[in-house]
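Every read-out reported here was derived from the displayed coordinates using simple, explicitly stated rules and does not represent laboratory data. From a predicted model like this one, the values you see are computed outputs, not experimental measurements. Positions of Cβ are backbone-derived with ideal geometry, glycine not excepted, and every protein chain shown enters the neighbour counts.
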Amino acid sequence: MNILLVGAGLSGAVIGRELAEAGHRVTVVDARGHVGGNCHTERDGDTGVMVHVYGPHIFHTDDAEVWGYVNRFEQFRPYANRVKTTARGAVYSLPVNLHTINQFFGKTLHPAEARTFIEALADHSITDPQSFEDQALRFVGRDLYEAFFKGYTEKQWGCAPRDLPASILKRLPLRFNYDDTYFAHRFQGMPEGGYTAMIARMLDHPGIDVHLHSRFDPDRAGAYDRVFHSGALDGWFGFRLGRLGYRTLDFERFTDTGDYQGCAVMNYGDPDVPWTRITEHKHFAPWEAHEGTVCYREYSRAADADDSPYYPIRLVAETALLADYVALAEATEGVTFVGRLGTYRYLDMDVTIREALDTARQFLDCAATGQAMPAFARRPL
């Protein structure tokens, strides 16, 4: 078949590779001048540092097949994400762990003592947390919530934590030991040559034709047997029902010599600091040595029409609008919507790859049995 992939990020690269290896003719188009989407990495010409151009991406998964898949195209070096946060004039480790608790409260608690101590601080009047704020107060109590979560969340999401769902905080662990690694997955690492090199290898197949600086017009979809669209769901329909809400990021890039902050990620929880965090990119490749350093200050705000969308908001109004777009999509023939933008969901890289593999396999099964491929392999709602 003649297949079109809109977007040369992880979704497009994985689906394209799987279908090309199955014998289909694959065309990949992307409006940007590089492959990799928001995972794009490139060497800084002055310092030699591998820069995560659209913000850092750290690979972590429990999915052995996905881990094997990415290592097929690029060697992954061990990397454990350890996040620090500056709050109230001091530096702490995140996620909240035994060291954070003892340091913040000036204590020397053992694990069982800390568990009892935090449970005493928790708000037990909250029996069914519905909001981010409810979950935090029930989870860690007011002091830790206001120091580490409240201000950062207000800056990141542009609204009060009481207006956000509890599910956002449920992803953040609380540890009663000194483990300060951010992720608990068994496979964690960074691609030695960067994500762009990895994705370029995925797309390096005689059955795949890549066109960069190329915007796709949905009116051309009929020229292909199937289109897989990893761009914005509402964008496919010309935003006819309105725009789905996203948060975007502005990056203030600066360079220095030596080691600027001593870690890869430093969050800033105080509300009077305008940026959410500073990332120092040389620390994402600790096996390399560089005299200079490249850092980003990150600022979060509501995405405008011309901005790169990063985080789907998915509050009540957005979910209602999403339902209308899903209905339009399911009434549209010849296209399957995939990935973060195509399904309007926040997806980690490993989940994106897993869903792309599953989508490609579902398409091949449908083609073999004469069944219709749905608009969503993983329905957004």
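Residue-by-condition table, conditions (1) surrounded by fewer than 17 Cβ atoms within 10 Å (Cβ to Cβ); (2) small (G, A, S):
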position	(1), (2)
G339	no, yes
G342	no, yes
R345	no, no
T352	no, no
L357	no, no
T369	yes, no
A377	no, yes
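Anything in the range 262-286 that is of a type outside the set (V, I, T) and in a loop (DSSP other than H, G, I, E, B)? List them, or say none. Full working, then the answer.
Start the filter on the range 262-286 by keeping residues that are of a type outside the set (V, I, T), which leaves 262-264, 266-272, 274-275, 277, 280-286.
Once the filter is applied, which keeps residues that are of a type outside the set (V, I, T) and in a loop (DSSP other than H, G, I, E, B), the range 262-286 yields G262, C263, A264, G269, D270, P271, D272, P274, W275, A285, P286.
What number of residues in the range 41-53 are buried (at least 18 other Cβ atoms within 10 Å of the Cβ) and either without any contact (Cβ under 8 Å) to a residue 60 or more places away in the chain or closer than 15 Å to L249 by Cα (or both)?
The first filter runs over the range 41-53 and keeps only residues buried (at least 18 other Cβ atoms within 10 Å of the Cβ), leaving 41, 44, 47, 49-53.
The next check asks that each one be either without any contact (Cβ under 8 Å) to a residue 60 or more places away in the chain or closer than 15 Å to L249 by Cα (or both); those that pass are 52-53.
Residues meeting the conditions: 2.
Scan the range 238-261 for residues that are under 20 Å from the mean Cα position of the chain (by Cα), farther than 30 Å from D219 by Cα and part of a loop (DSSP other than H, G, I, E, B) and report the count.
0
For the range 227-237, name all the residues that are more than 20 Å from the chain's Cα centre (by Cα) and in a loop (DSSP other than H, G, I, E, B).
Answer for the range 227-237, where residues must be more than 20 Å from the chain's Cα centre (by Cα) and in a loop (DSSP other than H, G, I, E, B): just F237.
Quick grid of which residues meet (1) crowded, with 17+ Cβ neighbours inside 10 Å; (2) under 21 Å from C39 (Cα atoms):
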{"site": "R175", "(1), (2)": "yes, no"}
{"site": "I208", "(1), (2)": "yes, yes"}
{"site": "R215", "(1), (2)": "no, yes"}
{"site": "D225", "(1), (2)": "no, no"}
{"site": "T248", "(1), (2)": "no, yes"}
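For the range 250-297, what are the residues that are under 22 Å from Y92 (Cα atoms) and of a type in the set (A, V, I, L, M)?
First, the residues of the range 250-297 that are under 22 Å from Y92 (Cα atoms): 259-284, 286, 295-297.
A264, V265, M266, V273, I278 - these are the residues of the range 250-297 that are under 22 Å from Y92 (Cα atoms) and of a type in the set (A, V, I, L, M).
Look through the range 65-118, keep the residues that are assigned to a strand (DSSP E or B), touching a helix residue (DSSP H, G or I) at 6+ places or on another chain (Cβ under 8 Å) and not β-branched (V, I, T), and return whichever of them is farthest from A13 (Cα to Cα). Working first, answer last.
The first filter runs over the range 65-118 and keeps only residues assigned to a strand (DSSP E or B), leaving 76-78, 83-87, 90-94.
Checking which are touching a helix residue (DSSP H, G or I) at 6+ places or on another chain (Cβ under 8 Å) leaves us with 76, 85, 87, 90, 92-94.
Then drop every residue that is not not β-branched (V, I, T), which leaves 76, 87, 90, 92-94.
Values: F76: 18, A87: 40, A90: 43, Y92: 38, S93: 36, L94: 33 Å.
For the range 65-118, the residue satisfying everything is A90.
Say whether the condition of being under 19 Å from G238 (Cβ atoms), in a helix (DSSP H, G or I), touching a Pro at 6+ places or on another chain (Cβ under 7 Å) and not small (G, A, S) is met by at least one residue in the range 344-357.
Within the range 344-357, the first condition is being under 19 Å from G238 (Cβ atoms), and the residues that meet it are 344.
The next check asks that each one be in a helix (DSSP H, G or I); those that pass are none.
No, the range 344-357 has no match at all.
Scan the range 358-373 residue by residue and report those that are free of Cβ contacts under 8 Å to residues at least 40 places away in the same chain and either on the phi > 0 side of the Ramachandran plot or not in a helix (DSSP H, G or I) (or both).
From the range 358-373, those free of Cβ contacts under 8 Å to residues at least 40 places away in the same chain are 358, 362, 365-366, 368-372; that's our starting set.
If the condition is that a residue be free of Cβ contacts under 8 Å to residues at least 40 places away in the same chain and either on the phi > 0 side of the Ramachandran plot or not in a helix (DSSP H, G or I) (or both), then G370, Q371, A372 are the ones that fit.
Which is closer than 24 Å to P165 by Cβ and either in contact with a His (Cβ under 8 Å, 6 or more places away or on another chain) or surrounded by 13 or more Cβ atoms within 10 Å (Cβ to Cβ) (or both), of Y260, Y296, Y310? Spell out how you get there, then give the answer.
On the way: Y260 fails: closer than 24 Å to P165 by Cβ; Y296 fails: closer than 24 Å to P165 by Cβ.
Within the list Y260, Y296, Y310, the selection yields Y310.
So how many residues does the range 166-216 have that are hydroxyl-bearing (S, T, Y) and more than 23 Å from E42 (Cβ to Cβ)? Break it down stepwise before answering.
Our first condition is that a residue be hydroxyl-bearing (S, T, Y); within the range 166-216, this holds for 167, 178, 181-182, 195-196, 214.
Next, from what is left, pick out any that are more than 23 Å from E42 (Cβ to Cβ): 167, 178, 181-182.
Residues that pass the stated criteria total 4.
What number of residues within the range 1-54 are charged (D, E, K, R), under 23 Å from the mean Cα position of the chain (by Cα) and over 19 Å from F73 (Cβ atoms)?
Going residue by residue through the range 1-54, those that are charged (D, E, K, R) are 17-18, 21, 25, 30, 32, 42-44, 46.
Keeping just the survivors that are under 23 Å from the mean Cα position of the chain (by Cα) gives 17-18, 30, 32, 42-44.
Checking which are over 19 Å from F73 (Cβ atoms) leaves us with 32, 44.
Summing the residues that are charged (D, E, K, R), under 23 Å from the mean Cα position of the chain (by Cα) and over 19 Å from F73 (Cβ atoms) in the range 1-54 gives 2.
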